[in-house]
Amino acid sequence: MFQVKLSLPNTDPHEDSRRNLDKSYHVAFLHLDSMFAHREYESLYMSHIWIPSSRCSPTTVPECDVTDDITATVPYNLRVRAILGSQTSAWSILKPPFNRNSTILTPPGMEVTKDGFHLVVKLEDLGPQFEFLVAYWRREPGAKEHVKIVRSRGVPVHLETMEPAAVYCVKAQTFVKAIGRHSTFSQAECVKVQEETLPLALALFAFVGFMLILVVVPLSIWKTGRLLRYSCCPVVVLPDTLKITNSPQKLISCRREDVEACATTVLSSEELFRT
């Protein structure tokens, strides 16, 4: 898109508070290898016949694209006027005529950022006819400059993965194949990548958390095991009166002797009546 500014003077006779009619109109041109279009333009131009723009007659916006109207590499004369209600301004004519071969391209606007360790550039959207040559390099002695062709339209583009503690610079150039012209390079913009340093507080918190995990996890496993053990196989504690202090075999033998002694005791009749 080749841009030309047209200025429309203020023609309001009352000079009231209405919006000033001075506006900038950006005109776009598209290359077209057509002898028919070239001859048609020359014939109309020599006859002093003005051709209304297909997209801009009329228009309510301060910018207009006349790509379809300007198709040849010849001098073009452009004019514009404003209409407000019943009032119409005089024509504002471009002087001198414009030839797209005389176009001077300017460097594109760009924004260089970093996304983590990724070098990212965002170029302004100038239209589908524009390409950009983006040069980037690491700022150090003897660094190699890399060049990348970018055709994105206002979309961030990844250029390179950066190294820690390094400075990277980017510059861009506008290029249009239709007229074989390019702009100068823009001023270089540089960004620096911080070193991968872990803050002391973060390292301390990480160490404390690791130690807590080492202590808490085994303790939790042990507590859970004991809980499951006593829940599934509980231990019943007998009272002291029911506890057996001697061996069962000894108790059986002692009881057997007592029974036999009692069975063989003979009482006399006198002792029986006495009792």
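Throughout, read-outs are computed from the coordinates displayed, never taken from laboratory work. Since the structure is predicted, the reported quantities are computational estimates derived from the model, not experimental observations. With ideal geometry, Cβ positions are generated from the backbone for all residues, glycine too; neighbour counts draw on all protein chains shown.
With both labels modelled 7 Å from their Cα along Cα-to-Cβ, the residue 95 to residue 190 distance reads 4.8 nm. Remark: the residue 104-residue 49 segment gains 17.0 nm on full extension, using 0.36 nm per residue and subtracting the alpha carbon distance.
Extension gain, residue 86-residue 111: 0.36 nm per intervening residue step, less the Cα-Cα distance, totals 4.4 nm. In this simple spin-label approximation, residue 222 and residue 182 carry label points 7 Å from Cα along the Cα→Cβ vector, and these lie 7.4 nm apart. From the cross-link list 144/177; 171/192; 122/144; 144/171; 148/177; 95/177, which pairs have alpha carbons spaced over 18 Å apart? Correct reply: 144/177; 122/144; 95/177. What you get for region 110-192, charging only the Cβ of Lys and Arg (+1) and of Asp and Glu (-1), is a dipole of about 180 debye around the Cα centre. Label-to-label distance for residue 60 and residue 163 is 5.8 nm, based on points extended 7 Å past Cα in the beta-carbon direction. The orientation-averaged projection of the convex hull spanning the C-alpha atoms of region 110-192 amounts to 5.4 square nanometres.
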